[in-house]
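This report concerns only the one structure given below.
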Amino acid sequence: MADGVVKLRLEEPTGGRLPHWTPGAHIDLVMPTADGGSQVRQYSLCGDRWDASAYEVAVLREPNSQGGSQFIHENLAVGDMLSVGTPRNNFGLAQASRYEFIAGGIGITPIMTMIAAAEKLGIDWHLLYGGRSRRSMAFLAELARYGDRVTVWPQDESGHLPLDFLDKPTEGAKVYCCGPEPLLAAVESATTNWPGWAVRFERFVAPSQPPPVRTEPFTIELSHSGRTVTVGTEQTVLEALDAAGVPVLSSCNEGVCGTCEVGVVGGVPDHRDSLLSDAERAKGDRMFVCVSRSITERLVLDL
């Protein structure tokens with residue numbers, strides 16, 4: 001499919017139907033580690049969402065892999081069993097009159113499902129797709145059928161992606177971008193004139209964050225029991241809850257996957273994730289406890 005990229009088709013062992021998913025969704029894959037433990041990695045779904053018999057993901061072999069992509073490329077074989085999480089979507093496709101899709105490298109995977117949805121809905125769209133070289137860019141054969149609605153931009157042939165078309169917002173349009181952090185930073189800079197709700201990103205890794213608003217310890221109250229837990233200066237909310245025997249499912253511990261989302265019913269969270277929009281942060285009704293903290297002395301969680 002492309003240099004360094006392998007596509008997996010994951011089927012339910014008994015042939016049963018898999019849970020439905022929406023464009024932009026991802027799944028967790030649980031894989032063994034060399035020391036006998038396990039590791040969890042997130043991969044965007046890129047197959048036919050109407051096919052309830054299988055999930056499909058495309059995995060890039062990362063040169064600095066922490067083990068996930070290395071295991072898939074070197075050890076995984078047809079017929080092997082993997083634990084797969086239920087699809088989650090932090091990059092959902094919202095209604096628009098036009099979509100500007102921008103993808104870099106393996107960031108094309110969630111965009112493929114968005115293109116399919118836009119086609120079914122008859123909504124105008126364009127894709128700007130960059131990569132190191134044509135050989136490294138997945139799905140080029142599938143995208144060729146869309147003609148001039150797809151602009152393929154290999155860096156070794158054409159340089160960096162041209163983003164000047166984003167200088168002025170298009171009424172009714174939304175921008176969806178997925179790829180490496182330099183691309184996301186460039187698109188974020190190019191769309192400063194767009195309303196925040198019209199530009200959505202999906203990140204592979206968390207960007208650098210400013211210091212937390214509150215460096216002092218604060219108190220977490222669990223609304224279901226009234227129990228309180230103190231979060232120390234050098235502690236995450238997730239760590240404090242775990243130490244207190246309050247388990248919360250987590251995965252990336254970087255605020256990019258959305259696994260550890262918890263409802264907030266009191267207090268003001270200090271959002272430090274890479275998932276929520278400005279409007280969602282302003283509502284203050286949920287947070288990702290692996291990275292986010294509190295602005296107020298007390299935070300009441302829906303736990």
Exercise. Along the range 191-197, what does the Karplus equation 6.51 cos²θ - 1.76 cosθ + 1.60 (θ = phi - 60°) give for ³J(HN,Hα), rounded to whole Hz, x for Gly and Pro?
Worked result: 10, 4, 8, 8, x, x, 5
Exercise. Given just the C-alpha atoms of the range 163-258, how large is their convex hull per residue in cubic angstrom?
Worked result: 145 Å³
Seminar exercise, completed: A 1.4 Å probe over the protein heavy atoms gives the chain a carbon and sulfur accessible-area percentage of 49 percent
For this session: Any chance you could check the Cα centroid distance between the range 17-82 and the range 260-303 for me, in angstrom?
Result: 29 Å
For this session: With r as the distance between the Cβ atoms of Thr192 and Glu239 and R0 = 41 Å, compute the FRET efficiency 1/(1 + (r/R0)^6) and round to 0.05.
Result: 0.70
Seminar exercise, completed: Per principal axis, largest first, the Cα atoms of the range 73-209 extend in Å by 49, 39, 36
Seminar exercise, completed: Rounded to the nearest 10 Å², the 1.4 Å probe accessible area of Thr170 is 60 Å²
Problem set entry | On Cα atoms only, tilt of 181-190 relative to the major axis of the chain in degrees | 80 degrees
Exercise. Quick one: length gained pulling Glu280 to Asp124 fully straight, 0.36 nm per residue minus the C-alpha distance?
Worked result: 53.5 nm
Exercise. Mind listing which chymotrypsin sites (Phe, Trp or Tyr not before Pro) in the range 36-134 are in a DSSP loop and have 12 or fewer other Cβ atoms within 10 Å?
Worked result: Trp50
Seminar exercise, completed: For the range 210-284, listing GluC sites (Glu not before Pro) in a DSSP loop whose Cβ sees at most 15 other Cβ atoms within 10 Å gives Glu234
For this session: Enumerate the calculated ³J(HN,Hα) couplings along the range 11-26 in order (Karplus 6.51 cos²θ - 1.76 cosθ + 1.60, θ = phi - 60°), each rounded to whole Hz, writing x wherever the residue is Gly or Pro.
Result: 10, 5, x, 8, x, x, 6, 9, x, 5, 9, 10, x, x, 6, 9
For this session: Just the number, please: Stokes-Einstein D of the range 218-301 in µm²/s, Kirkwood Rh from C-alpha pairs, 10 °C, 1.306 mPa s.
Result: 126 µm²/s
Problem set entry | Extension gain from Ile295 to Asp164, taking 0.36 nm per residue of separation minus the Cα-Cα distance | 43.4 nm
Exercise. GluC sites (Glu not before Pro) within the range 120-191: which are DSSP loop residues with at most 12 other Cβ atoms inside 10 Å?
Worked result: Glu171
For this session: Would you work out the charge dipole size for the chain about its Cα centre, treating the Cβ of every Lys and Arg as +1 and the Cβ of every Asp and Glu as -1, and quote it to the nearest 20 debye?
Result: 380 debye
Exercise. Can you give the angle from 0 to 90° between the axis of helix 108-121 and the longest principal axis of the chain, with both taken from C-alpha atoms, to the nearest 10?
Worked result: 70 degrees
Exercise. Label points 7 Å out from Cα along the Cβ direction at Ser225 and Thr151: separation in nm?
Worked result: 5.5 nm
Exercise. How are the Cα pair distances of the chain distributed, in percent, across 20 Å bins from 0?
Worked result: 30, 56, 13, 0
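The values are calculated or read from the model by the stated rules, or taken from the named source; none is laboratory data. Keep in mind that this is a model prediction, so the values were computed, not measured. Heads up, the Cβs are rebuilt from the backbone with ideal geometry, glycines too, and the neighbour counts pull from every protein chain shown. These accessible areas exclude ligands, DNA and RNA; they are computed on the full protein's heavy atoms, side chains included. Shrake-Rupley method; radii C 1.70, N 1.55, O 1.52, S 1.80 Å.
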